[in-house]
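To start, the structure itself, in structure tokens.
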Amino acid sequence: MGVFGIMKILALLLSYFLASLAEKQDLSGKMFTFPEESDTAHVILIPNLSKSLTAVTVCLRFFSDLTRAQSLFSFATPASSNGFLLYKQANGVYEIDKNDKFQLFRALGDYPNQWNSVCATWNSQTGIAQIWVNGKQSTRKGIGQGGDISGAPSIILGQEQDSYGGKFDKTQSFVGMLTDINMWDSVLPHPEIASYMNRVPKKTDGNVINWKSIDFTIKGYVIVENQMNA
């Protein structure tokens, strides 16, 4: 890694430190609105804990009219721009990347111009990954059995990271609304995922990212608004 790369990582770590000094916000009843396609607008999420991950669950709700591919959740590390990526390839087709290995999950029922609930999971011990969309579960597929996701995380909404913390492509950008974003360092049990899908307040607060207690930084044209019937 060159001097520029090291400086970029140090700057990102400094931004995490400064953000950690800020007061966390409860975004219950709020949403991030990404009003237009761009290669600049994004939200940086600061995790509540930073450690090597041997399992992951990410849940969120999105509203968009795009039929093209778009990034829903981008988690990069210095070693991998796709440490854990949740990516919507097309209507009903989703992708999970773990350390640059990926699987596609098809025939999942999502709909344009309405709220869609999505959860993605991965477990290092088995390598098994799975996606739930609006209560419908995908087949279970293997992505990189063994190993973990390690290194200082760069977690970004609205863009897909082709390098650590940047190198965005507007044709992969998210346009629409995102809300109720949570991340865990474990595979959430199916009853808990079902509770999230059904909007039942149970144990649905993430311990890595918690929508009710979250640090974030907005870059570019992104608006925080009241949630629209999510």
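No value in this document is a laboratory result; all are computed from the given coordinates. All values reported here derive from a predicted model rather than from experimental measurement. Ideal geometry is used to build each Cβ from the backbone, glycine not excepted, and the neighbour counts take in all protein chains shown.
A few comments on the model shown:
- Pairs exceeding 28 Å between alpha-carbon atoms, taken from Lys98/Lys167; Lys30/Lys141; Lys24/Lys141; Lys51/Lys136: Lys30/Lys141; Lys24/Lys141; Lys51/Lys136.
- Scattering curve values for segment 157-230, log₁₀ I(q)/I(0), Debye with Cα scatterers, q = 0.12, 0.19 Å⁻¹: -0.45, -1.01
- Where only C-alpha atoms are counted, convex hull volume of segment 83-158 per residue in Å³: 92 Å³
- Longest to shortest principal axis, alpha-carbon extents of the chain, angstrom: 46, 40, 33
- For segment 64-133, applying the loop criterion from DSSP together with a ceiling of 15 other beta carbons within 10 Å to the trypsin sites (Lys or Arg not before Pro) yields Arg68, Arg106.
- Ascending count of other beta-carbon atoms within 10 Å, so fewest first, for Met183, Met197, Met228: Met228, Met197, Met183
- Integer Hz, Karplus 6.51/-1.76/1.60 couplings in order for segment 183-199, x for Gly and Pro: 9, 10, 9, 8, 7, 5, x, 3, x, 6, 5, 4, 4, 4, 4, 8, 6
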